[in-house]
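In what follows, a structure is listed as structure tokens, so that the remarks can point back to it.
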Amino acid sequence: MSSSQPLRRSSVSEVDHVQLLAEQLGSLLAGLQCSDVTFLVENKRFPAHRVILAARCHYFRALLYGGMKESQPQVEVRLEDTRAEAFGMLLQYLYTGRVSLSAAREEVLLDFLGLANRYGLQLLEDSTSEFLRTVLSSQNVCVVMNVASLYSLSALAAACCCFMDRHAPDVLLSDGFTTLSKEALLTVVRRDSFAASEREIFQALARWCQHNGDGTATQEVMSAVRLPLMTLTEMLNVVRPSGLVSPDDLLDAIKTRSEKRDMDLNYRGMLVPEENVATMEHGAQVVKGELKSALLDGDTQNYDLDHGFSRHPIEEDGCSGIQVKLGQAFIINHIRILLWDRDSRSYSYYIEVSVDELDWVRVVDHSRFLCRSWQKLFFSPRVCRYVRIVGTHNTVNKVFHLVAFECMFTSRPFTLEKGLVVPSENVATVSACASVIEGVSRSRNALLNGDTHNYDWDSGYTCHQLGSGAIVIQLAQPYIISSLRSWQVLSFNKHAAAFVRIVGTHNTANEVFHCVHFECPAQLEPGAAPSRTQPS
């Protein structure tokens, strides 16, 4: 009798003795048993087995079986520029697939990373780099940065840069700072996100030049100092006596400082990607506006006409507003605010940012548009310490209400045109806070729920009487749009829009215009071209 059932349960049908194999191969390292090659490293001998090394590493395969003198039986291979302790760790990994990184001294670990790079052991290099990223400190980050730059380890170098950005003052004072290579040094201090005062940066670079600089290097390194960010007193009493900056460069910096508006200077700021920095944990506070405590508490659910929001009276001169002071200067390019939305009212507003609370730059201007609920705002990256939201209109009264405020730096791609977002995804959805404000439907937002299948004569659509009224969709904020989609795809020249009105003119069956689905911009299948007849 035949059966399609396996003879054994799957749990015992596979033999897995990898642990035993690793232990037995590792035991070969303990002595001379069967060894046929010896490595001499720092006068210490490491007997090994060429077939194991060749199987595990292309470099050793070429070295030991490539027809060179190292291919001879029982040959002794001398390795220069290699630390014995690091090479022992490498052999342990090649024989067993395991090695303890946490037990190694820092300098040995860096040499071990160098061996992984030299011998082309990519997985080992990645694992070692990943471990180093977890143990970075102000004292070792400069040494690790040098190694990352030397071996072109971009992920490790980026992690070092991010760490130094967040701990810039401590890094500048560390002993390791003067050991940075010129290339690594310039990579670090030229970053907008290297958040230290320019005086601290200048003094640290002066110390580096004393240890490393010749004339050419000194000039190049000092060019990384943003002199216009220093006060006149600092330039005259700190920079000038050092002799490291030419008088002409100092005069140019003074001229720039006096002629440029403050927000046009190339400020540095803390970079915290994808994290809201307008929180009390980051030191943010509301310094202007009424009912300040509600804005940054993180509660976006519990609010009504009486509580849960900050506000300011809307005045013609724009002197009032709600102002947030961040814990320090941050680099931001994305702001989210929640306008009070418990009824159908809309607001107009603009947002300005500043470093010193004196010179303000407008980054968002929705003063000519009616907006509602959540606003997702993008702009070119700016360094700022202060953010001011000024309401200019409320369709119900003369008060501007703001429930929540967030700001951050985001790497998410976005496109701007005339200061407005050009959306790539459908923004006419309930989740995007769009709303149907005119039209008849059993369900208020049936037009925007994305359901194109479940509808009949009684439900699932929005309508209006022909010759009277229309269907009007309000988007949460103004967007630059060039296409719409219902049963048809409509494309047109780009326009700034916060409202879309659909007016039916004819129905072959009755006197009512029905619309089941709407999206903006039109979401097409990949490769499909807009067409006036393509169904949704």
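All of the numbers you see were taken from the coordinates with simple rules; none came from a lab. From a predicted model like this one, the values you see are computed outputs, not experimental measurements. Cβ: placed from backbone, ideal geometry, glycine included. Neighbour counts: every protein chain shown.
Given the convex hull over the Cα atoms of the stretch 196-304, what projected area results after averaging over all orientations, in nm²? One quarter of the hull surface, i.e. the mean projection, equals 10.5 nm².
Sorted largest first, the principal axis extents computed over the alpha-carbon atoms of the stretch 417-536 equal 42, 29, 26 Å.
Annotation: amide H of Phe518 within the under-5 Å range of Gly450, sequence separation 5 or more or interchain, hydrogens built in the peptide plane.
Computed on the Cα trace of the stretch 15-135, the radius of gyration divided by the Kirkwood hydrodynamic radius gives Rg/Rh = 0.96.
Starting from the Cα of Leu291, step 7 Å toward the Cβ, then list every residue of the stretch 307-322 with an amide N under 11 Å from that point. Flagged as within label range: 307-312. Projected onto their three principal axes, the Cα atoms of the stretch 280-414 cover extents of 35, 31, 31 Å, largest first. Computed from Cα atoms, the angle from the helix 247-259 axis to the main principal axis of the chain rounds to 20 degrees.
Round to the nearest 0.05 the FRET efficiency obtained for Ser223 and Ser152 when R0 = 22 Å and r is the Cβ-Cβ distance. Each step should come with its number before you reach the end.
On the way: r = 24 Å, r/R0 = 1.10.
The value I calculate is 0.35.
So what is the relative contact order for the stretch 89-154, in percent, with contacts set as C-alpha pairs under 8 Å and at least six apart? Spell out each step's value before the answer.
Working: 26 pairs, mean separation 18.0, N = 66.
Answer for the stretch 89-154 is 27 percent.
Kirkwood hydrodynamic radius of the stretch 285-361, from the reciprocal of the average inverse Cα-Cα distance over all distinct pairs: 14.2 Å. Between Ser100 and Glu274, the modelled labels are 3.4 nm apart [label points 7 Å from Cα along Cα→Cβ]. Each residue, Lys494 and Leu250, gets one label point 7 Å from its Cα in the Cβ direction; the gap between the two is 4.8 nm.
For the stretch 280-414, relative contact order (Cα pairs under 8 Å, six or more residues apart, normalised by length) works out to 34 percent. Per residue, the Cα convex hull of the chain amounts to 295 Å³. Taking every C-alpha pair closer than 8 Å and separated by at least 6 residues, the mean separation divided by the residue count of the stretch 417-536 gives a relative contact order of 32 percent.
For the stretch 133-147, 3J(HN,Hα) computed residue by residue from phi via the Karplus equation (6.51, -1.76, 1.60; θ = phi - 60°) reads 5, 7, 10, 5, 9, 4, 8, 10, 5, 5, 5, 5, 4, 4, 5 Hz, glycine and proline entered as x. Rounded to whole Å, the principal axis extents of the Cα atoms in the stretch 164-260 read 36, 29, 20, largest first.
Once the Cβ-Cβ distance between Val503 and Ser367 is put in as r, and R0 is 30 Å, what FRET efficiency do you end up with, to the nearest 0.05? Please list the in-between numbers first.
Details: r = 28 Å, r/R0 = 0.93.
FRET efficiency, Val503 to Ser367: 0.60.
Amide H to amide H, with H built 1.01 Å from N, Lys288 comes under 5 Å of Gln323, counting only residues 5 or more places away or on other chains.
Can you work out the FRET efficiency for the pair Asp317 and Asn266, with r the C-beta to C-beta distance and R0 = 30 Å, to the nearest 0.05?
Numbers: r = 32 Å, r/R0 = 1.07.
Once rounded, the FRET efficiency stands at 0.40.
Which residues does the label zone of Arg442 cover in the stretch 460-482, counting backbone N under 14 Å from a point 7 Å along Cα→Cβ? Once the point is set 7 Å along Cα→Cβ of Arg442, 460-463 turn out to lie under 14 Å by backbone N, inside the stretch 460-482.
P(r) for the stretch 362-454, from all Cα pairs and a bin width of 5 Å, is 2, 9, 17, 20, 20, 15, 10, 5, 2, 1, 0 %, short bins first. Is it possible to state the helix-based mean residue ellipticity at 222 nm for the chain, with each DSSP H run of 4+ residues giving -39500 (n - 2.57), the sum divided by total residues, to the nearest 500 deg cm²/dmol? What is it? Roughly -7500 deg cm²/dmol at 222 nm, from the helical runs in the chain.
Taken along the Cα-to-beta-carbon direction at a fixed 7 Å, the label points for Arg190 and His282 span 2.7 nm.
Roughly speaking, what is the stretch gain from Arg207 to Arg166, that is 0.36 nm per residue apart minus the C-alpha to C-alpha distance, in nm to one decimal?
Numbers: separation 41, 0.36 × 41 = 14.76 nm, distance 2.11 nm.
Net length gain for the segment: 12.7 nm.
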